[in-house]
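Report on one structure; see the data block that follows.
What follows draws every value from the coordinates through simple rules; no lab data is involved. Predicted model only: the values in this text are computed from it and were never measured. Cβ atoms come from the backbone with ideal geometry, glycine included; neighbour counts cover every protein chain shown.
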Amino acid sequence: MVKLGFSIGDLQFKNPVLTASGTFGYGSEFDDFMDVSLLGGIIVKGTTLEPREGNLYPRMAETPSGILNAVGLQNKGIDYFEKQIYPRISTYNTNVIVNINGSYIDDYVALAERINRLEKIPAIELNISCPNVKMGGMAFGTSLNSAREVTRAVRNVYSKKLIVKLSPNVTNIVEFALAVEEEGADSVSLINTLLGMSVDVRNMKPALSTITGGLSGPAIKPVAVRMVWQVAKAVRIPVIGIGGILNTDDALEFLLAGASAIQVGTASFIDPQASIKLLEGIEKFLTARGFSDIKEIVGYINK
């Protein structure tokens, strides 16, 4: 048997396949298709302090090899999550991680304090790609000072594992990874969506109500692999790779480049069993090549 586990500090994961926030709901939506507990972990859809309706429609647009989205973090808020969602998903035999979002640092802090009290949630993923209202709408994750400040503030109130999800819409992502590591992040996940735009030619107007949106899917994979490779060489904490992973080879690219784990996103829209198939494919590859532990291939191209 190949050892597939990895860890973030003392938090153990049974394997390196996680689901990306916003693409897997709360996990229970996939119960009819797979045993969610077989995954290394699930990262539930973005949660905010107050309910959010999200952006106006249209807020998704298909592009060549990808999807543009501007959903706008639609969710029913932390109160609903605690009362209605948490009791249902806390029974999974895997790590359930909550992606948290805010417009102000105080939002993130309040959310982290609430989730810190939930026994069955061992980690949060800090989404710093949200607009910082006090900074005029600039995303926390595109300002080095803001990224530091929000990470530090959450670290001060959150005692469990802290994963910071990095924005690719920056000049030097390594600087941001090192900054959040210095402020107490236990892991970094990357990349979040790339800023993009699509025009509806027939109607001669933007395809999204917000004009611009986040691009995900296979089109962003080469950028994501490059950034994971750069960051993994620079930080001491585990790196989780995200971006256009549709098949086993895609996942292996991230692992070989230095990721300790991966998140499956857009692929779950195409095939709800994609994450399980990827897990099976990774195990088959390792067995066929004679590896006994997945750690042997993490960052292999740099060895």
Next item on the list: Please list, in chain and number order, the residues 5+ apart from Asn99 or on another chain whose amide H is under 5 Å from its amide H, with Hs placed from the backbone.
Entry: Val44, Thr47, Glu125
Notebook entry, point to check: Based on the mean of other beta carbon atoms within 10 Å per residue, what is the order of 265-272, 65-72, 13-20, 49-56, most packed first?
Noted result: 13-20, 65-72, 265-272, 49-56
Notebook entry, point to check: So, in nm, how far is label Met204 from label Ala110 when the simple model puts each one 7 Å beyond its Cα toward the Cβ?
Noted result: 4.6
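Work through the residues other than Gly244 whose Cβ is under 13 Å from its Cβ and net out their charges, Lys, Arg +1 and Asp, Glu -1. Provide the component values of the computation, followed by the final result.
Numbers: positive: Lys221, Arg226; negative: Asp249, Asp250, Glu253.
Surrounding charge for Gly244 is -1.
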Check: Can you give the relative contact order of the range 190-246 as a percent, counting alpha carbon pairs under 8 Å and 6+ residues apart?
Finding: 42
Checklist line | Euclidean distance of C-alpha centroids, the range 268-303 and the range 63-133, integer Å | finding: 27
Item checked: Spin-label proximity, Gln273 to the range 1-30 - amide N less than 16 Å from point 7 Å beyond Cα toward beta carbon -> 30
Check: Hey, if you put +1 on the Cβ of every Lys and Arg and -1 on every Asp and Glu Cβ in the chain, which of Ile97, Phe6, Gly22 ends up farthest toward the positive end of that dipole?
Finding: Phe6
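Take each of the peptides 195-202, 94-101, 228-235, average the number of other beta-carbon atoms within 10 Å over its residues, and list them starting from the highest. Can you show the working numbers first?
Details: 195-202: 13.5, 94-101: 23.2, 228-235: 20.8.
Highest mean packing first, the order is 94-101, 228-235, 195-202.
Within the range 78-131, which GluC sites (Glu not before Pro) sit in a loop by DSSP and count at most 16 neighbouring Cβ atoms inside 10 Å?
Values: sites: Glu82, Glu113, Glu119, Glu125; in loops: Glu119.
Here the sparse-neighbourhood loop sites are Glu119.
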Next item on the list: Among the listed pairs Lys221/Lys284; Lys83/Lys134; Lys165/Lys233; Lys277/Lys303; Lys120/Lys233, give every one whose C-alpha distance is greater than 25 Å.
Entry: Lys83/Lys134; Lys277/Lys303; Lys120/Lys233
Checklist line | In order through the range 74-80: 3J(HN,Hα) via Karplus (6.51 cos²θ - 1.76 cosθ + 1.60), integer Hz, x for Gly, Pro | finding: 4, 6, 9, x, 5, 4, 5
Next item on the list: Name the long-range amide H neighbours of Ala20: under 5 Å, sequence gap of 5 or more, or other chain; modelled H, no Pro or chain starts.
Entry: Val264, Gly265
Next item on the list: Give the residue from Ala259, Gly141, Gly54 lying farthest towards the positive end of the charge dipole for the range 6-302; charges sit on Cβ (+1 for Lys and Arg, -1 for Asp and Glu) and the dipole is referred to the Cα centre.
Entry: Gly141
Note to self: Whole-Hz ³J(HN,Hα) for each residue in the range 102-107, computed from phi via Karplus 6.51 cos²θ - 1.76 cosθ + 1.60 with θ = phi - 60°, x for glycine and proline: what do you get?
What the structure shows: x, 9, 10, 4, 4, 5
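Please give me the summed charge of the neighbours of Ser103: other residues whose Cβ is under 15 Å from its Cβ, Lys and Arg +1, Asp and Glu -1.
Numbers: positive: Arg52, Lys134; negative: Glu50, Glu53, Asp106, Asp107, Glu149.
In short, -3.
With only Lys, Arg, Asp and Glu charged, each at its Cβ (+1 for the first two, -1 for the last two), find how big the charge dipole of the range 6-302 is about the Cα centre; round to the nearest 20 debye. Please list the in-between numbers first.
Details: 27 positive and 30 negative charges, 64 e Å.
The calculated dipole for the range 6-302 is roughly 300 debye.
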Notebook entry, point to check: If you stretched the chain out fully between Lys76 and Lys134, how much longer would it get, using 0.36 nm times the residue separation minus the C-alpha to C-alpha distance?
Noted result: 18.5 nm
Check: With point charges of +1 on the Cβ of Lys and Arg and -1 on the Cβ of Asp and Glu, referenced to the Cα centre of the chain, which listed residue (Leu38, Gln273, Gly213) lies farthest in the positive direction of the dipole?
Finding: Gly213
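What chymotrypsin sites (Phe, Trp or Tyr not before Pro) in the range 46-138 are in a loop by DSSP, with at most 16 other Cβ atoms within 10 Å of the Cβ?
Within the range 46-138, the qualifying chymotrypsin sites (Phe, Trp or Tyr not before Pro) (loop, at most 16 other Cβ atoms within 10 Å) are Tyr104.
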Check: So if we plug the beta-carbon distance of Val157 and Asn93 into 1/(1 + (r/R0)^6) with R0 = 30 Å, what FRET efficiency do we get, rounded to 0.05?
Finding: 0.60
Notebook entry, point to check: Tell me, what is the percent relative contact order of the chain, built from C-alpha pairs under 8 Å that lie six or more residues apart?
Noted result: 20
